[in-house]
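J.: For reference, the structure I am asking about is given below.
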Amino acid sequence: MALDTAPRLEVDPLLDDPGTRIIVCCGAGGVGKTTTAAALGVRAAERGRKVVVLTIDPARRLAQSMGIDSLDNTPRRVAGVDGGGELHAMMLDMKRTFDEIVEAHADGERARAILDNPFYQSLSAGFAGTQEYMAMEKLGQLRAREEWDLIIVDTPPSRSALDFLDAPKRLGSFLDGKFIRVLMAPAKVGGRTGMKFLNVGMSMMTGTLSKLMGASLLKDVQTFVAAMDTMFGGFRTRADATYRLLQAPGTAFLVVAAPEPDALREAAYFVERLGAEDMPLAGLVLNRVHGSGATQLTAQRALAAAEALGEDPAESSGTREAEATENLVDAGIVDQRAGKAGLGEPGHSADPHTAVDPETAAVTAGLLRLHAERMHVMSREQRTRDRFTSLHPEVAVTEVAALPGDVHDLAGLRAIGDRLSAGGTVGVC
């Protein structure tokens, strides 16, 4: 099944629908998730929505493109947005988000004990899955505030498509798991008899853990667990609530990919995982697709024309020019009447005995070879896209043409938004 027969992803109806409250952009790293999220945010705001874009990308490109000096854990309004809506943007600070949870669910003295605990500081800054979990915590906070009618999430750059969906459960399970309950056991067993009963077993266990973790770290962990005792259940509860929110009808997942084998392989895996988890998939955004305004000139004919222009100068240059021009005229690249005048240049005689400017011939041959290379790239991308759509014919697709440079401002994001909305097959790049 070719891409031009795949369902088309209609971006504007998705953005305009008041029932769409959350859009999650996900996919492999380096495929343009941040730019896609920002462009969707600009387009939705300029179509009347009140939008906040939450990014977890450490490169801070979003701030640059939106004209904000810096992004932090607080939504900041973006200036220069046209239309009747509003656009706010923020960058997840996972440690600050964790701190906010502690401050909101513990009294002042206990909160300070937790925040100052060395184990907590390590956990909140770099424990595996913390970033993904805190992204979901922040999403839940934003949704609960009811201040924005559309939240767009740029997911963390993960090696595996599983990380974003699994990390909240992993961290929630850790904080509410057997290891934590064992460490809390001495505090939960009342009376001298209970403590005597546990003393032998606990001393053996803590002795082993001290050897593995170090006595200082074990003490920090036990102190952390004691201070966090009343909060552990809340982590699992909130993780489950946010997971249900992701499955709700008001959420839409957009899988973002590039027309490359690895990226589309990851996208296919993500599509399958979202389906298995009953997550609402809106479609695939295919970024950086190459196109050409001269697709009628095949790579073979372009190379033939370039070869004709680059042959031995001892051969009649007019003959070489005529052969190259005939290829271009037949392909419809050069107007037939102008082509008879020589490579489309009015006033240039096609007489076989008229010399061709060597510099012009060299430049033309170089452009023809570049065009042939572009056609090969397009052919390779088409085969890659076709493999994806044959596996997932039900997935709606929109293409975004490759740009000559990075996006650094609102105008660039608007251009991306226009291409997202236009969809279809890429033509002129």
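No value in this document is a laboratory result; all are computed from the given coordinates. Just so you know, these numbers come straight off a predicted model, no measurement behind them. We place every Cβ from the backbone using ideal geometry, glycine too, and count neighbours over all the protein chains shown.
J.: Ordered by residue, what ³J(HN,Hα) values in Hz, to whole numbers, does the stretch 399-414 give under the Karplus form 6.51 cos²θ - 1.76 cosθ + 1.60, where θ = phi - 60° and Gly and Pro are x?
T.: Computed from phi, the couplings for the stretch 399-414 are 9, 10, 5, 5, 9, x, x, 6, 8, 10, 8, 5, 4, x, 5, 5 Hz.
J.: Amide H of Val256: which non-local residues (sequence gap of 5 or more, or other chain) have their own amide H closer than 5 Å, using H built in the peptide plane?
T.: Cys26, Gly27, Val285
J.: On full extension of the chain, what length is gained from Thr360 through Asp278, given 0.36 nm per residue of separation minus the C-alpha to C-alpha distance?
T.: Extra length from Thr360 to Asp278 when fully extended: 23.6 nm.
J.: Ranked highest first by average number of other Cβ atoms within 10 Å, how do 150-156, 250-256, 235-241 line up?
T.: In decreasing order of mean packing, 150-156, 250-256, 235-241 become 150-156, 250-256, 235-241.
J.: For a quick check: with amide H placed at 1.01 Å from N, whose amide H comes under 5 Å from Ile23's, ignoring anything fewer than 5 positions away on the same chain?
T.: Ile151, Ile152, Val153, Ala252
J.: Give, in nm to one decimal, the length gained when the segment between Leu391 and His290 is fully stretched (0.36 nm per residue of separation minus the Cα-Cα distance).
T.: Roughly 34.1 nm would be gained on extension.
J.: To continue, here is another question. Under the 0.36 nm per residue contour assumption, what length would be gained going from the current alpha-carbon distance of Ala402 and Ala104 to full extension?
T.: 102.8 nm
J.: Please list, ordered by chain and number, the residues whose modelled amide H lies under 5 Å from the amide H of Leu281; skip anything fewer than 5 residues away on the same chain.
T.: Placed amide hydrogens put Phe253 under 5 Å from Leu281.
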